[in-house]
Amino acid sequence: MNLVKIDSKNIYYPPGGILMWIILFLELLTFGMALVAMVIYSKDEPEVFHSSRLLLNSTFGLVNTIFLLTSGFFMVKSVESFKVNNIKKSSLYLKLTMLGGFLFLLLKSFEYFEKIEAGLSIGYNTFFSFYWMLTLFHVIHVLVGLVILSSVYFSLNKKNMDLAVEDFEASATFWHMCDLIWLLLFPIIYLIF
Amino acid sequence: MKNQIYFKVLLSLLALTILAAFVAKFGFDLKATAAIILALFMVKFLGVAFYFMQLKKAHFFWKSAVLIFVSIFLAIVFVSV
């Protein structure tokens, strides 16, 4: 394993890498601006937004938040184990991290199925247009995150493992970014209107 | 010790999430409810960024960039809601 001491206090080396943080800020700005637009649109149709919000199952949103936060915790543990060269533990925690992501997607699919069955599709009203666009865009991020984590998992379990700490940390940062985006979406879409 | 900190952070994040859902369900004043939910969101967001993403070990620039982003976002949402 390639263990190089990185000085995270250096402005050019934030944990996870500077490119990952630039992507993270771009993503946060994109989702942030869309959510601000959603809140501004809600001023024109407060009743529509309130009644539509009540059609969402906030328990699903709550459970999905718990899945992603717990998954993020296991991601931290996986990186920590990797840093002390405990590959077996790191691999186990990584599996638990991915399990959190799969459970999130499973529940989200069930939620989407329910909405489609009830006829609450993307064109139903302004609230549901935002709901579908924002949550589906986030789901794409989770899917990409799972692909990245799967690739890390296979690298980790190779006979001649040559995974670098920086690559592992960058993947972890991407996964935590999915957490952060969900933390932006959950209160605004599911709770405040 | 480090593991305990992460576990405590996770428990706090879960507790704050449940609290936010509880406030949304039983809050009666829209503005006050929104203020509490957004404040809880900010704590959770910073908890994930500073602990899980190790931002507390990063350069001041990255810490302040995240703080500025989340503050501006919250201010705009709170004023608009």
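The values are calculated or read from the model by the stated rules, or taken from the named source; none is laboratory data. Predicted model only: the values in this text are computed from it and were never measured. Heads up, the Cβs are rebuilt from the backbone with ideal geometry, glycines too, and the neighbour counts pull from every protein chain shown. Just the protein is used for accessible areas: all its heavy atoms, side chains included, with ligands, DNA and RNA removed. Shrake-Rupley method; radii C 1.70, N 1.55, O 1.52, S 1.80 Å.
Each of A:Ser71, A:Leu26, A:Met38 was placed along the dipole of the protein assembly as shown (beta-carbon charges, centred on the mean Cα), and the one lying farthest toward the positive end is A:Ser71. Taking amide H as placed 1.01 Å from N in the peptide plane, A:Ala164 has no amide H partner under 5 Å among residues 5 or more places away or on another chain.
In chain B, the longest principal axis of the Cα atoms and the axis of helix B:60-80 are about 10 degrees apart. Using θ = phi - 60° in the Karplus curve 6.51 cos²θ - 1.76 cosθ + 1.60, the 3J(HN,Hα) couplings for the stretch A:116-128 round to 5, 4, 7, x, 8, 8, 4, x, 4, 7, 4, 4, 6 Hz; x is entered for Gly and Pro. Summing Lys and Arg as +1 and Asp and Glu as -1 over all other residues whose Cβ lies under 15 Å from the Cβ of B:Phe60 gives a net charge of +3.
Residues of the stretch B:60-81 that bury at least 50 Å² of accessible area once all protein chains are present, compared with their chain alone (1.4 Å probe, heavy atoms only, ligands and nucleic acids left out), are B:Trp62, B:Phe69, B:Phe73, B:Ser80, B:Val81.
If I compute solvent accessible area with a 1.4 Å probe over the protein chains, what percent of it on chain A is carbon and sulfur? Show your work: numbers first, answer last.
On the way: 5780 of 8650 Å².
Carbon and sulfur: 67 percent of the exposed surface of chain A.
Exposed loop sites were defined as trypsin sites (Lys or Arg not before Pro) in DSSP loop states (anything but H, G, I, E or B) carrying at most 15 other C-beta atoms within 10 Å; in chain A the longest segment without such a site runs A:10-157.
Run the numbers on the stretch A:74-98: which residues show a drop of 30 Å² or more in accessible area, chain on its own versus all protein chains together, using a 1.4 Å probe over heavy atoms? Residues passing the criterion (a loss of at least 30 Å², heavy atoms only) are A:Val76, A:Lys77, A:Glu80.
Judged by the ratio a/c of the largest to the smallest principal axis of the C-alpha gyration tensor, the stretch B:2-80 counts as oblate, that ratio being 1.5 or greater while a/b is no larger than b/c. Between A:Phe193 and any residue 5 or more places off or on another chain, the built amide H atoms are never under 5 Å apart.
The residues of the stretch A:18-192 expose, per residue, 42 Å² of accessible area to a 1.4 Å probe.
Only helices enter the 222 nm calculation for the protein assembly as shown: every DSSP H run of n ≥ 4 contributes -39,500 (n - 2.57), and dividing by all residues gives -27000 deg cm²/dmol, rounded to 500.
Starting from the residue with the highest accessible area, list A:Tyr41, B:Tyr51 in decreasing order, probe 1.4 Å.
Values: A:Tyr41 115, B:Tyr51 85 Å².
Solvent-accessible surface, decreasing: A:Tyr41, B:Tyr51.
Spatially, the stretch A:142-159 and the stretch A:64-81 are offset by 15 Å when compared through their Cα centroids. Chain A and chain B together bury an accessible surface of about 3700 square angstrom, both sides counted, with a 1.4 Å probe and no ligands or nucleic acids included.
Could you tally the net charge around A:Asn57, taking each other residue with its Cβ under 14 Å from the Cβ of A:Asn57, Lys/Arg +1 and Asp/Glu -1? Once positives and negatives cancel, what remains is +1. When both the stretch A:29-50 and the stretch B:1-57 are represented by their alpha-carbon centers, they are found 22 Å apart.
Averaged across orientations, what area in nm² does the convex hull of the alpha carbons in chain A project?
Details: hull surface 45.5 nm².
So the mean shadow area of the Cα hull is 11.4 nm².
Annotation: per residue accessible area for chain B equals 51 Å², rounded to a whole number [probe 1.4 Å, protein chains only]. Taking Cα atoms, how many degrees apart are the long axis of helix A:46-55 and the longest axis of chain A, rounded to 10 and kept between 0 and 90? Its long axis makes an angle of about 60 degrees. Within the shell defined by Cβ-Cβ distances under 14 Å, the residues around A:Lys115 carry a net charge of -1, with Lys and Arg each +1 and Asp and Glu each -1.
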